[in-house]
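Structure record follows, encoded as structure tokens.
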Amino acid sequence: MTGQPSFRFRNYRPLSRRTKFQILALVPIYFIVAGFCLQPFDEIWRGIITIVQEPDFLITDYIAIGGIGAAFINAGVLTLLSIAIVYFLGMDMSGHTITSSFLMFGFSLFGKNILNIWAIMMGICLYSYYHKTSITRYIYVGFYGTCLSPVITQIMQIGNLPLAVRLVLSIIVGMSIGFVLPPLSTHTHYAHMGYSLYNVGFACGIIATIIVSIMKSYGIRIEERLIWSTGQNLLFSRLLIALFFGMIVFSFFLSNQVWKRYVEIFQSYGISGTDYVKTEGFAPTLLNMGINGIVSTLIILIVGGDLNGPTIGGIFTIVGFSATGKHTRNILPIMIGVIIGGYTKRWSITDPSAQLALLLSTTLAPIAGEFGVGAGILAGFLHSSAALNVGIVYGGLNLYNNGFAGGLIATFLVPVLKSIRDRKAHAKTHISL
């Protein structure tokens with residue numbers, strides 16, 4: 001008998017640009033459909049209005065204040081708009097396309113909404129126009145920078161100012177944020193040398209600290225907030241695991257080299273700037289995303305946590321960055337460090353902020369990737385304390401609180417780890433204080 005067996009995987013032609021974007025768009029569409037199935041339409045509309053009107057600094061679970069359907073549709077629509085912007089700008093699919101889209105979805109479940117992100121995006125456009133460069137150079141920074149969108153909502157909540165004044169002021173502040181973010185995020189990257197993946201979150205923590213300090217100087221106070229839904233673990237675990245398992249299965253239909261290329265991902269350090277879509281291909285990246293999604297979902301369930309807007313946002317952050325640096329080898333040590341912190345410190349791993357730290361601490365995945373399991377556990381252990389305390393300086397207005405904490409930990413820890421690894425480092429540089 002000649003010829004190849006009919007069941008053998010074959011190499012498919014490379015996916016077209018349009019097809020890749022269509023596949024990515026299936027994720028928000030999946031949740032939009034789920035949203036319409038899980039909540040009556042009239043309640044969805046009222047829920048979206050509530051989401052837009054409510055203060056949304058950390059921690060505000062849109063599922064609790066607007067309902068499951070409203071939260072999913074808010075997130076799905078924003079994600080589709082983000083994907084469409086990249087597509088119609090003529091940009092190719094990259095790891096950052098996936099990462100920014102998944103972050104937009106995840107944080108649109110607890111902080112970003114269909115109105116409060118656009119002033120910051122306008123500032124990014126203004127910056128590119130001012131420097132006479134294409135908006136494509138900064139569009140992902142803009143998407144990431146919408147983590148400061150609660151600032152816009154908070155300004156609109158200032159009760160002693162006329163509506164027109166609040167509207168103009170929120171637009172000016174939002175555009176200012178977008179304008180200063182590109183150069184600042186470039187500068188902060190040098191501080192941690194790429195060992196914290198949420199670099200824009202680090203930069204935004206600095207911006208938020210300045211904004212909150214100015215607001216407090218004028219007597220504007222930001223109250224603590226904790227809106228956290230519970231009791232939906234079975235429903236959400238089914239939705240998430242079905243999605244992530246589908247990613248894994250689909251990846252094997254796209255290429256017969258998917259597992260071999262996944263091993264290459266698994267062996268990488270994951271330092272900021274990594275792009276698995278470009279280096280390994282779309283299918284292995286999809287496999288990595290699906291595996292990390294299932295692992296992170298199961299970890300939340302195992303530690304007794306809650307699946308809700310914020311934790312689904314944290315899971316989607318891990319899955320999104322699975323295209324630009326994260327894999328199970330470099331995220332698990334970090335998460336173990338946070339879990340150890342939960343059993344040895346004054347807080348519990350099941351506290352809302354601790355659950356977010358458990359997921360979002362994986363910004364430090366490159367430390368575990370390069371320096372090993374022990375360094376990763378130490379980084380996670382330190383991060384758990386920092387993440388639960390640094391937010392006080394900016395009142396929860398930076399949604400990427402763990403990005404700010406991770407930047408601090410990486411800036412502190414990486415030079416120490418490098419000096420230990422290279423005993424001759426100090427002798428060569430002759431640097432003391």
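What about Leu332, is it surrounded by fewer than 24 Cβ atoms within 10 Å (Cβ to Cβ), under 27 Å from Glu264 (Cα atoms) and outside the structural domain of Phe102 (by the TED database)?
It is true that Leu332 is surrounded by fewer than 24 Cβ atoms within 10 Å (Cβ to Cβ), under 27 Å from Glu264 (Cα atoms) and outside the structural domain of Phe102 (by the TED database).
State whether one or more residues within the stretch 113-122 are over 21 Å from Phe102 (Cβ atoms) and at pLDDT 95 or above.
yes
Here are the criteria: (1) within 22 Å of Gly106 (Cα to Cα); (2) open to solvent by 70 Å² or more (accessible area, probe 1.4 Å); (3) part of a helix (DSSP H, G or I). Tell me which single one Thr230 does not satisfy.
Failing condition for Thr230: (3).
What number of residues in the stretch 246-271 are under 24 Å from Ile300 (Cα atoms) and loosely packed, with under 14 Cβ neighbours inside 10 Å?
Within the stretch 246-271, residues that are under 24 Å from Ile300 (Cα atoms) and loosely packed, with under 14 Cβ neighbours inside 10 Å number 1.
Given the options Leu148, Leu167, name the one that is open to solvent by 60 Å² or more (accessible area, probe 1.4 Å) and assigned by the TED database to the domain that holds Gly95.
Matching residue, one of Leu148, Leu167: Leu167.
Tally the residues that are of a type in the set (Gly, Ala, Ser), in contact (Cβ under 8 Å) with a residue 40 or more places away in the chain and open to solvent by 40 Å² or more (accessible area, probe 1.4 Å), restricting the search to the stretch 187-213.
Going through the stretch 187-213 one residue at a time, the tally reaches 1.
Take Leu103 and decide whether it is among the aliphatic types (A, V, I, L, M), free of Cβ contacts under 8 Å to residues at least 24 places away in the same chain, part of a helix (DSSP H, G or I) and not assigned by the TED database to the domain that holds Gly395.
Against the criterion (among the aliphatic types (A, V, I, L, M), free of Cβ contacts under 8 Å to residues at least 24 places away in the same chain, part of a helix (DSSP H, G or I) and not assigned by the TED database to the domain that holds Gly395), Leu103 does not qualify.
Take the residues of the stretch 214-227 that are part of a loop (DSSP other than H, G, I, E, B) and open to solvent by less than 60 Å² (accessible area, probe 1.4 Å): which is farthest from Thr350 (Cα to Cα)?
Gly219
If I filter the stretch 86-98 down to residues being open to solvent by less than 50 Å² (accessible area, probe 1.4 Å) and assigned to a helix (DSSP H, G or I), which single residue comes out as farthest from Gly293 (Cα to Cα)?
Checked the stretch 86-98; the qualifying residue farthest from Gly293 (Cα to Cα) is Val86.
For the subset of the stretch 204-252 comprising residues that are basic (Lys, Arg) and modelled with pLDDT under 95, which member is nearest to Ala64 (Cα to Cα)?
Selected residue: Arg225.
Being under 13 Å from the mean Cα position of the chain (by Cα) and touching a residue at least 12 places away in the same chain (Cβ under 8 Å): is that true of Gly320 here?
Considered against the rule, which asks whether it is under 13 Å from the mean Cα position of the chain (by Cα) and touching a residue at least 12 places away in the same chain (Cβ under 8 Å), Gly320 comes out as yes.
The values are calculated or read from the model by the stated rules, or taken from the named source; none is laboratory data. These figures come from a predicted structure and were not determined experimentally. Every residue, glycine as well, gets a Cβ built from its backbone with ideal geometry; the counts of neighbours run over all protein chains shown. SASA here: full protein model, heavy atoms, side chains in, ligands and nucleic acids out. Shrake-Rupley method; radii C 1.70, N 1.55, O 1.52, S 1.80 Å.
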